[in-house]
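Take a look at the structure below.
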Amino acid sequence: MEEQGKQVRLTSGEIAQLWQQYMNDTSSICMLTYFLEKAEDGEIKPIIEYALEQSQAHIQKITAILTEEKNHIPHGFKLEEDVDLTAPRLFSDSFALNFVHQMAKIGLTAYSASLASSARSDITSYYEECLTETMQLYKRSKDLLLSKGLYVRAPYFPNLEQADFVKKQSFLWDIFGEKRSLTAMETTNLHSNIQRNSLGSALLVGFSQVAKSKEVTQFLLRGSDIAKKNIKILGEKLAESNLPIPSTWDADVTKSTTHTFSEKLMMFYTSALITLGVGYYGTAIAESPRVDLGAMYNRLTLETQKYAEDGSNIMIKNGWLEQPPMAPDRKELAKEKGKG
C-alpha cells in the first residue's frame with residue numbers, strides 16, 4: 001500500500017485486528033449459514049442473511065489486504081470442515097435473532113477498538129465501513145426484536161428531579177451495612193452482563209448436546225453452569241434494588257443431539273465468549289463505585305479465567321488453537337544461526 005510515495009507496512013496492531021477479525025468472521029459464516037439454512041421466520045431470515053453477507057465481504061477484503069502485504073492467510077473456519085448443514089435445527093429462530101443482535105453490539109465495540117489501533121488510511125477506512133454496516137445490523141435486529149416483543153429492555157428509572165452530590169463515603173465503602181441503591185450505570189452493566197451470560201448459557205447447552213467427545217461435553221456443560229451461577233449472582237444485585245431480572249434463553253434450544261458443529265468451532269466460540277466476559281466484567285468494575293460490586297466482578301473474573309485456561313489446554317491438546325501473529329524470537333533466531 002502506497003502512502004505519500006512510501007511503502008507503509010502493517011503495524012502489529014493492524015495485523016492483530018485483521019487476524020482476529022478473520023477468525024471471528026469465518027466462525028460467524030459457519031454459524032450464520034447454519035442459522036439461515038434452518039430459518040423459517042420470514043422476517044428473521046433477511047437479518048441473518050444480511051449478517052452473513054457482511055461476514056463474507058469482510059473475509060474477501062481481509063484476504064486481499066493480507067495477500068497484498070504478503071502475510072499468510074489464517075486457516076480459520078470452513079463450512080466443509082466445521083458445520084453440517086444437514087443436521088436438524090438446534091436453536092430457534094428467535095435465538096438466532098438474539099444471537100445476531102448481541103454479536104452486532106459486540107461488533108460495534110470491537111470495530112471501534114480496531115479503528116483506534118489503525119494508522120494506515122485504507123485500514124481505518126475499512127473499519128469505518130465495518131462500523132457503518134454493523135450499526136445497520138444492530139438497528140435492524142433491534143427493531144425486529146422490538147416489533148416481535150422479544151427485546152429485553154434495561155430497567156426504567158424515575159426522571160431526574162434535581163442535580164445532587166454524594167455526601168457520605170458509604171456511597172463507596174458500605175460493605176457490611178445496608179447497601180445504597182444501584183446507580184444507572186451499575187444497573188446497566190448488571191443487566192447487560194446477565195444477558196450475555198444468558199446467551200452463553202443457551203449456546204453452550206446446545207453445543208454440549210451435539211459435541212462428540214466426553215471431555216468437550218463436560219467442559220461445555222461446566223461453562224453453562226458457570227454462566228447460570230453468574231446470572232444468579234448478578235440478578236441478586238438487581239433484586240436488592242427491586243429491579244427486574246432479564247429472562248434466560250435456554251428454552252430456545254431444541255432436543256437435537258445430532259453432530260452439527262465441529263468441536264474446534266464450539267471451543268473457539270466458548271473461548272471468545274470467555275474473553276468477552278472478562279473484558280465486560282473489567283469495564284463493569286471501572287464503572288461501579290460500590291465496592292461490593294467490584295469485589296463480586298473480581299470473583300467472577302477469577303473463576304472465568306480458570307475456566308478459560310482449562311479450555312485452552314483442551315484446544316492445544318487437540319490441535320484446535322490457531323496461533324496468532326507473534327513477534328520474532330530474536331534469541332531463537334540467533335541460536336539457529338549458530339547451528340548453521
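Entry remark, the stretch 66-94: residues being of a type outside the set (Asp, Glu), open to solvent by less than 20 Å² (accessible area, probe 1.4 Å) and out of contact with any Phe, Trp or Tyr (no Cβ under 6 Å at 6 or more places or on another chain) number 5 in total. For the stretch 283-293, a tally of residues being open to solvent by 10 Å² or more (accessible area, probe 1.4 Å), under 17 Å from Ser181 (Cβ atoms) and part of a helix (DSSP H, G or I) returns 2.
Taken as a whole, the structure leaves Thr187 outside the set of residues that are surrounded by 15 or more Cβ atoms within 10 Å (Cβ to Cβ), without any contact (Cβ under 8 Å) to a residue 24 or more places away in the chain, farther than 24 Å from Ile47 by Cα and of a type in the set (S, T, N, Q).
Counting only helices (runs of 4 or more DSSP H) wholly contained in the stretch 159-269, the ones carrying 2 or more residues that are in contact with a Leu (Cβ under 8 Å, 6 or more places away or on another chain) occupy 184-210, 214-240. Gly5 meets each of the listed conditions (1) at positive phi; (2) at pLDDT 95 or above; (3) not aromatic (Phe, Trp, Tyr) apart from (2). Residues that are basic (Lys, Arg) and touching a residue at least 40 places away in the same chain (Cβ under 8 Å) within the stretch 276-319 comprise just one, Arg290. Specify the residue that is most open to solvent (accessible area, probe 1.4 Å); the eligible residues are those in the stretch 301-331 that are under 19 Å from the mean Cα position of the chain (by Cα) and acidic (Asp, Glu). If we take residues in the stretch 301-331 being under 19 Å from the mean Cα position of the chain (by Cα) and acidic (Asp, Glu), then Glu309 is most open to solvent (accessible area, probe 1.4 Å).
A Cβ distance below 8 Å, combined with a sequence gap of six or more or placement on separate chains, defines the contacts here; from the stretch 128-140, residues that are touching a residue at least 24 places away in the same chain (Cβ under 8 Å) and more than 15 Å from His58 (Cβ to Cβ) reach residues that are surrounded by 13 or more Cβ atoms within 10 Å (Cβ to Cβ) and small (Gly, Ala, Ser) in the pairs Tyr138/Ala104; Tyr138/Gly107.
Exactly one residue out of Phe77, Phe91, Phe35 is touching a strand residue (DSSP E or B) at 6+ places or on another chain (Cβ under 7 Å) and modelled with pLDDT of 95 or more: that is Phe91. Restricted to the stretch 64-93, and to residues there that are in contact (Cβ under 8 Å) with a residue 24 or more places away in the chain and in a helix (DSSP H, G or I), the residue that is farthest from Ser114 (Cα to Cα) is Asp93.
The values are calculated or read from the model by the stated rules, or taken from the named source; none is laboratory data. Everything quoted here is computed from the prediction, not taken from an experiment. Every residue, glycine among them, receives a Cβ derived from its backbone with ideal geometry; neighbour counts consider all protein chains shown. Areas reflect the complete protein model, heavy atoms only, side chains present, ligands, DNA and RNA absent. Shrake-Rupley method; radii C 1.70, N 1.55, O 1.52, S 1.80 Å.
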